[in-house]
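First comes the structure, then the notes that go with it.
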Amino acid sequence: MNKSSTIAALGAVPFPILLVGKDEKIVYANPSALGLFGEGLTGRTFVTVIRKPAINFALDEALRQEREERVRDRLSLGAREMSVRVTVSPMPAEPGGTLPHGGALVVIEDITALEEAEAQRRDFVANVSHELRTPLTALSGFIETLLHAAKDDPVARTRFLSIMEREAARMNRLVGDLLSLSRVESEERRRPTEKVDISAVLNGAIQALAPVAEARNVTLLRDGEPGPKRVSGDPDQLTQVFSNLIENAIKYGARDAQVRVTLGSVEHEPTLRGPALRVVVADQGDGIEAIHLPRLTERFYRVDTHRSREQGGTGLGLAIVKHIVSRHRGRLKVESEKGKGSRFIVYLPLA
């Protein structure tokens, strides 16, 4: 392969690539490498571009021992931190070519997303294990007590069985939410096409949650534009979205207060690049501190862990909401201020 064809081939590779001569000076950087490290790489010594002992050692081994080396490391490029997998391969001499005396090919692969996904998977498994271990430990303890110390104590037996029923229900909710989250994620790339009246969905969710609101002396108010408002969607999943948001507003908002559900139209929603429906679920609770807002839709993230568990929350509700809204090509926005309540806003593109 001649010099021009080699350069053309390397230029088409989507990974950052550096060709380094025997003197450890860069003789070529493809456009991806220039985008990563900046212009003016040719002629610079490799160590002045990447100051990482493991990567520099790998280059030295490739140049001196003619042995391919692979290294995983982290690069700090200004404000950007990235995990990389670097492959350094020895290159033979090319008389009259790019590397007349030989050198090395350095390929840099950004694996930040892969490592983050792996960390999320580990966290998810750890969180599920923790969430299940707590009720299982309680059930095991009460079963042992009922089999021995409280075997003939009807009062204790009734109390323990009541607690066991509550813990079993909690595990059932958790497993149900996990299955729901898995199902929603598997369908996220398939956009639903059925026409759904959001006005009817909201009315149904409010009616179904009326007993929950009554138990906390919360008034459910329905505002906004009258008449049918249709979007392309999955009616069951959209019902799940708004039932979840309204139930959260009832449970985590203030007692003896109001939860207001407002439906309206937006002529142009910039993120969706077109007309949209906007549903706002607003409560009069204590509000959420700004530090928590970006993480509300993370799996198992809770602002108040104890209160959430007391209310029967699994920590997965808003994660499910986020994925369903994403499947419908919509947008979820949260506005809240400590002491001034919260507003959960769902934008859905108009059918």
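Taking the condition crowded, with 20+ Cβ neighbours inside 10 Å and over 16 Å from GLN284 (Cα atoms), does VAL231 pass? Step through it out loud before you land on a result.
Values: crowded, with 20+ Cβ neighbours inside 10 Å: yes; over 16 Å from GLN284 (Cα atoms): yes.
So VAL231 fits the description; yes.
Return the pair list, or none, for Cβ contacts closer than 6 Å from residues in the stretch 229-247 that are in contact (Cβ under 8 Å) with a residue 12 or more places away in the chain and of a type outside the set (A, V, I, L, M, F, W, C) to residues that are surrounded by fewer than 22 Cβ atoms within 10 Å (Cβ to Cβ) and part of a strand (DSSP E or B), at least 6 apart or on different chains.
Note: pairs meeting the criteria are ARG230/LYS195; ARG230/ASP197.
Kindly list, by first and then second residue, each pair from a residue in the stretch 277-288 that is free of Cβ contacts under 8 Å to residues at least 60 places away in the same chain to a residue that is in a loop (DSSP other than H, G, I, E, B) and surrounded by fewer than 21 Cβ atoms within 10 Å (Cβ to Cβ), limited to pairs with Cβ atoms under 6 Å and residues at least 6 apart or on different chains.
GLN284/ALA254; GLN284/ALA257; GLY285/ALA254; GLY287/GLU337; GLY287/LYS338; GLY287/GLY339; GLY287/LYS340; ILE288/VAL303
Name the residues in the stretch 14-58 that are touching a residue at least 60 places away in the same chain (Cβ under 8 Å) and within 23 Å of SER83 (Cβ to Cβ), would you?
Residues satisfying the conditions are PHE15, PRO16, ILE17, LEU18, VAL20, ALA33, LEU36, PHE46.
Which condition number does ILE288 fail, the rest of (1) crowded, with 21+ Cβ neighbours inside 10 Å; (2) within 22 Å of the chain's Cα centre (by Cα); (3) modelled with pLDDT of 85 or more; (4) in a loop (DSSP other than H, G, I, E, B) being met?
(1)
Go through the stretch 18-33 residue by residue and tally those that are within 16 Å of HIS101 (Cα to Cα) and open to solvent by 10 Å² or more (accessible area, probe 1.4 Å).
Counting residues in the stretch 18-33 that are within 16 Å of HIS101 (Cα to Cα) and open to solvent by 10 Å² or more (accessible area, probe 1.4 Å) gives 6.
Inside the stretch 21-52, can you point out the residues that are in contact with a Ser or Thr (Cβ under 9 Å, 6 or more places away or on another chain) and at positive phi?
Once the filter is applied, which keeps residues that are in contact with a Ser or Thr (Cβ under 9 Å, 6 or more places away or on another chain) and at positive phi, the stretch 21-52 yields only GLU24.
The values are calculated or read from the model by the stated rules, or taken from the named source; none is laboratory data. Please read these numbers as outputs of a predicted model, since none were measured by experiment. Glycine gets a Cβ as well: all are built from the backbone with ideal geometry, and neighbour counts include every protein chain shown. Just so you know, the surface numbers come from the protein's heavy atoms only, side chains and all, with ligands and any DNA or RNA stripped out. Shrake-Rupley method; radii C 1.70, N 1.55, O 1.52, S 1.80 Å.
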